[in-house]
1. Taking residue A:60 and the conditions (1) part of a helix (DSSP H, G or I); (2) buried (at least 17 other Cβ atoms within 10 Å of the Cβ); (3) of a type outside the set (Asp, Glu), which numbered condition does it fall short on, given that it satisfies the others?
2. Given (1) crowded, with 23+ Cβ neighbours inside 10 Å; (2) at pLDDT 90 or above, identify the lone condition not met by residue B:505.
3. Filter segment B:45-90 for residues that are assigned to a strand (DSSP E or B) and either free of Cβ contacts under 8 Å to residues at least 12 places away in the same chain or under 23 Å from residue B:225 (Cα atoms) (or both) and give the result.
4. Which of the strands (runs of 3 or more DSSP E) found entirely inside segment B:296-348 contain at least 3 residues meeting this: not hydrophobic (A, V, I, L, M, F, W, C)?
5. Restricting attention to segment B:454-471, and to residues there that are in a helix (DSSP H, G or I) and either surrounded by fewer than 20 Cβ atoms within 10 Å (Cβ to Cβ) or modelled with pLDDT of 90 or more (or both), which single residue is farthest from the other protein chains (Cβ to nearest Cβ)?
6. Looking at segment B:348-365, can you tell me whether even one residue there is surrounded by fewer than 19 Cβ atoms within 10 Å (Cβ to Cβ), without any contact (Cβ under 8 Å) to a residue 40 or more places away in the chain and more than 10 Å from every other protein chain (Cβ to nearest Cβ)?
7. What pairs come up if the first residue lies in segment A:267-279 and is of a type in the set (Ser, Thr, Tyr), the second is crowded, with 24+ Cβ neighbours inside 10 Å, and their beta carbons are under 7 Å apart, counting only those six or more places apart or on different chains?
8. Quick one: residue A:220 ticks every box in (1) within 12 Å of chain B (Cβ to nearest Cβ); (2) surrounded by 21 or more Cβ atoms within 10 Å (Cβ to Cβ) except a single one, so which number is it?
Amino acid sequence: MTNNPLETSSTPPLAKRTVEFRKGEVISSIFSQFGILFIVILLAIVFGATAPRFLLVQNIVNIFKQVSVVAIMAIGMTMVILIGGIDLSVGSVALLAGATTMYFINHEVTNTPIAILLGLLASALVGLLNGVLVEKAKISPIIVTLGTMIAIRGLAQSILWLDNSWAWVKAPLFKFVANESILFFPLVVIVMLVMYLIFWFILSQTSFGRYLYAIGGNQKATYLCGIPVERVKIFAYTLCGFTAGVGGLVLISRLSAVSPAVGLRIEFDVITAVILGGASLSGGSGRLEKTLLGAIIVGMILNYLTIKGIPGTLQSAVNGFIILIAAVLDRLSKVRSAG
Amino acid sequence: MTQSLQESPPILEMTGITKRFPGVLALNRVNFSVKRGEIHSLIGQNGAGKSTLMKILAGVYSADEGTICMEEQPIHLRHPSDSLNKGIAIVYQELSLLPNLTVAQNIFLGREPGKWLLLDNKTIFNRSRQILESVGIDHIDIHTKIADIPLAQRQLVEIAKALSHNPKVLILDEPTAPLTGDDTKHLFDILKRLRSQGVAIIFITHRLKEVITYCDRGTVLRNGQTVGCVDIHNTSESALIEMMIGQKLENFYRSDTATKHLPKQEVVLEVQGLSVGKKVRDVTFQVRRGEIIGITGLLGAGQNELARALFGIENQVAGVIRRNGKPVRISSPSEAIYHGICLLTENRKEEGLILEMSVKENMTLPSLAFFRLSKWIPVVNHRKEHSRVEEFIRKVNIVTRSANTRLRTLSGGNQQKTIVARWLLRNLEILLFIEPTRGIDVGAKAEIYRLLSSLANEGKSIIVVSTDHVEVMGISDRVFVMYKGRLAKIFDKVEVSEEKLLFEIQGGVPHD
């Protein structure tokens with residue numbers, strides 16, 4: 001590429017070039033910025049036209065409530081995918097957070113806030129373990145998190161087993177979060193939005209966020225800039241465990257019970273949301289706001305299928321195909337940008 | 001040289017070629033022709049249109065206007081396979097070989113002879129061997145994996161791959177950029193042999209010396225237009241440079257070498273008995289404040305490993321490194337940076353650029369801590385960062401629309417200047433640059449040379465590792481020659497000459 005015609009070191013018709021070039025780039029950047037938003041709107045129109053109930057305020061609020069869990073867990077997943085990794089263990093971590101927190105509350109070991117902190121700490125520790133195994137032991141993230149997915153679910157189920165494999169969520173704080181809303185906004189949605197704000201800030205305003213993008217873009221170059229690549233990546237996995245824990249607590253508050261199946265297979269919805277949001281599986285690109293839209297798309301489709309009375313088995317088939325389509329789109333966009 | 005060259009009609013003629021990209025006129029009615037049995041060099045700065053013109057020949061782009069004639073018949077090239085069918089083969093600058101396949105597998109990649117799913121390995125091996133022999137490459141084992149053979153030989157395999165199509169016109173896009181003098185010579189021996197077989201060779205390079213030494217004719221492009229076609233035997237290097245840039249070029253390397261003052265500054269870096277595995281053996285030297293040391297040698301003589309060891313990215317390093325008199329341990333880039341040492345590696349793409357990030361983000365990556373809101377809050381102060389980056393864009397003269405432009409869209413020279421600026425912004429005392437000007441155009445080269453000498457005048461110590469011995473002679477206060485891992489010779493600026501340097505580079509054997 002010695003000779004990229006768009007950027008020359010000599011300076012012929014500079015003014016003209018700049019204007020036209022910018023026009024083209026603005027259009028394409030609008031599409032890449034808002035393309036997914038167009039899809040959300042398009043889906044809303046199509047779904048609304050074919051199922052009028054879909055656009056009722058009640059239903060929209062419902063979609064957001066349903067989406068909140070996946071969306072929160074997708075925050076950490078975005079960071080992990082950003083650095084070229086993946087975390088399959090988030091569903092099990094969600095259960096672990098719920099099971100430990102409820103154990104501490106129901107057995108009156110501590111008060112609710114401390115129990116929540118301990119539950120989240122446990123989740124973050126699993127994330128840390130994932131990170132250390134991937135980065136220090138150099139095992140592929142799919143294998144590591146597949147292992148922790150199975151192991152942690154077993155561990156969490158054992159904690160539940162102490163209470164006959166079923167724990168009711170009786171703590172008032174959880175009921176409050178699940179049922180109350182401020183104006184039109186249910187508290188679970190507010191929790192989600194606050195999480196997004198915090199992590200949007202971390203990703204876009206801190207050096208840690210910058211390092212994540214740099215590592216995803218070119219890990220070797222980042223290391224050669226003296227950045228502690230391993231530590232940054234381990235921290236990303238730790239944060240992924242943390243957001244999975246937060247998602248798990250929101251989930252059990254909505255379910256008002258912890259069962260051994262909590263969070264089962266949710267990792268696929270989470271990964272789908274991130275990929276739909278345009279994060280590349282090979283790392284380096286991904287924006288939180290788009291991940292949120294990706295989660296909303298997943299929620300909209302599942303909600304629509306439910307309204308239409310499509311059975312759950314078929315729904316998971318649809319879900320699987322969404323992953324595949326998203327992966328193909330990811331691949332195509334890469335081919336185009338390379339060519 | 002072929003005598004009938006002047007009279008014979010061109011085998012390939014491009015007339016009035018125009019190519020527009022969104023917002024830029026890449027080629028403006030370019031005329032270009034090559035004859036059978038000549039080595040024709042295509043010369044021009046980055047952005048002059050060389051690669052675009054060649055990509056039109058290769059069928060990658062199609063011209064908006066103009067005609068292409070092959071053996072006086074108009075041809076249309078809409079796809080790379082059209083070009084191959086017409087007998088035009090191209091070897092790109094970025095090697096396209098698959099590292100995990102063998103030499104033979106690579107040569108026949110994608111068109112393996114055989115029936116159904118069974119490969120006809122025998123044919124593959126025999127044909128590969130034949131092709132390699134026909135170009136005089138008999139020292140490469142066709143069963144070796146590409147990853148296991150040196151870069152120079154990969155280049156030859158790439159050429160063999162192109163030749164397996166029996167081309168009438170062979171295009172080489174900067175084939176010598178990663179090669180040393182000997183390998184280059186070998187490459188040209190092969191090209192001369194092809195020339196005598198009647199192949200027309202189009203040769204793109206930044207090294208005008210090679211043009212002068214080996215080519216028959218040359219066409220110079222500037223800003224997408226043909227400046228002229230010259231007979232190389234009647235021209236000089238400086239005449240070519242002036243055609244390329246359209247103005248007089250003086251003081252190409254350093255302007256201030258004569259006025260260098262403060263001869264004996266303090267020693268800032270001392271290397272004693274440094275070895276890196278078997279690649280660098282027992283190297284000892286000192287670096288003073290404000291001096292530029294150039295290290296040269298044949299490819300693989302250990303100069304790259306030496307520099308990389310000083311940055312903590314080589315294994316099996318033995319010996320002592322002293323910074324300002326104190327022994328230091330450097331086993332990672334972060335430790336090296338802590339001790340005031342930075343490195344620009346030879347692999348710009350793999351080890352330097354983060355193409356999807358902006359110029360700004362690339363430039364401040366090692367220095368983000370400077371822009372923290374406070375010592376303990378790792379939040380980036382964007383305004384401070386932005387103004388500092390703009391300052392360096394101006395200082396290093398990076399041609400970019402803004403600090404937020406993605407690095408991918410910049411030319412090679414400007415990408416290189418961006419990662420040079422990355423370390424200037426970090427403001428360390430010792431700068432190690434490996435092949436800082438490889439693959440960039442003359443104009444950007446001159447700017448990097450100027451930058452190096454002004455940095456030295458500011459008191460920075462600079463080590464430039466380069467296989468381009470002319471460059472090393474031009475910019476350095478002292479020239480180190482490495483041979484087979486040892487520091488074979490240290491020249492002072494005043495005593496070095498090209499003959500002496502070449503003599504030492506070859507390991508002290510006479511150079512013809």
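1. Going through the list (1) part of a helix (DSSP H, G or I); (2) buried (at least 17 other Cβ atoms within 10 Å of the Cβ); (3) of a type outside the set (Asp, Glu), residue A:60 breaks only (2).
2. Only one criterion in (1) crowded, with 23+ Cβ neighbours inside 10 Å; (2) at pLDDT 90 or above is unmet by residue B:505, namely (2).
3. The answer is B:65, B:66, B:67, B:68, B:69, B:70, B:73, B:74, B:88, B:90.
4. Ranges flagged: B:317-323.
5. Among residues in segment B:454-471 that are in a helix (DSSP H, G or I) and either surrounded by fewer than 20 Cβ atoms within 10 Å (Cβ to Cβ) or modelled with pLDDT of 90 or more (or both), the one farthest from the other protein chains (Cβ to nearest Cβ) is B:457.
6. Within segment B:348-365, not a single residue is surrounded by fewer than 19 Cβ atoms within 10 Å (Cβ to Cβ), without any contact (Cβ under 8 Å) to a residue 40 or more places away in the chain and more than 10 Å from every other protein chain (Cβ to nearest Cβ).
7. From residues that are of a type in the set (Ser, Thr, Tyr), the pairs are A:272/A:298.
8. That leaves (2) as the condition not met.
The values are calculated or read from the model by the stated rules, or taken from the named source; none is laboratory data. Please read all numbers here as calculations on a predicted model, not as lab measurements. Quick reminder, even Gly has a Cβ in these numbers, built from the backbone with ideal geometry, and neighbours come from all protein chains shown.
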